[in-house]
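Notes follow the structure.
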Amino acid sequence: MRCPFCASPDTQVKDSRIAEDGSYIKRRRFCTECGSRFTTFERVQLKDIMVKKSNGLVVPFEREKLLKSIQIACKKRPISDERIEKIVSSIQRQLETTGEGEVSSREIGVLAMEILLSLDIVAYIRFASVYYNFDNKEDFSKFIDTIQKEALEENTDKILEKSYDKCSLNPEFEPIAKEVKDELF
Ligand SMILES: [Zn+2]
């Protein structure tokens, strides 16, 4: 594996660990050239997935892009890196097993939102803000009002309601960066 910092081909594996559920192998690597340390994950890829974007372009599925967008949505939220890895793996596995070689970026977005909604409402709203592509602040607050109302109607538990409050008050709350949106959808 080439060093991501200095591009030297001479890197060594320091430590290998299999995930608890056996879904991936994590390797700590060391570059003998520049001394940098980095981590790689080894996973099964069942088949190649092609993604049809909203502009009609068909591009190969890139796990890294999905990972990055979910990392941004989960920024400063109580969701571990390992959990995020699992979310992405779960989405990837579902895409690989749908039987079709091509999926739309919208379908991937829906899968991601379903998982995030069950985990953390702030992460969900951030991700949804990209997915629904709000043109203005008004549309965005309408969206938040709607899900707040839904949560109340369904009598969702207190923790969830608290998270809703937090997301409207928390100054850290912000939609996902535009560059991720362009890459993803
Ligand atoms: Zn290096």
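All of the numbers you see were taken from the coordinates with simple rules; none came from a lab. A quick note: this is a predicted structure, and the numbers were derived from the prediction, not measured. Ideal geometry is used to build each Cβ from the backbone, glycine not excepted, and the neighbour counts take in all protein chains shown.
Residue separation of Lys47 and Ala7 scaled by 0.36 nm, minus their Cα-Cα distance, works out to 11.6 nm of gained length.
With K and R counted +1 and D and E -1, the other residues having a Cβ less than 15 Å from that of Ile18 yield a net charge of 0.
For segment 85-93, 3J(HN,Hα) computed residue by residue from phi via the Karplus equation (6.51, -1.76, 1.60; θ = phi - 60°) reads 4, 5, 4, 5, 4, 5, 5, 4, 4 Hz, glycine and proline entered as x. Pairs exceeding 27 Å between alpha-carbon atoms, taken from Lys47/Lys86; Lys26/Lys68; Lys53/Lys137; Lys47/Lys75; Lys76/Lys137; Lys75/Lys149: Lys47/Lys75. Residue-wise HN-Hα couplings along segment 63-80, as the Karplus relation 6.51 cos²θ - 1.76 cosθ + 1.60 with θ = phi - 60° gives them from phi, are 3, 4, 5, 5, 4, 4, 5, 6, 4, 5, 4, 9, 3, 6, 9, x, 10, 6 Hz; Gly and Pro carry x.
What is the distance, in nm, between label points placed 7 Å from the Cα along the Cα-to-Cβ direction at Lys26 and at Thr98? The two pseudo-label positions are separated by 2.9 nm.
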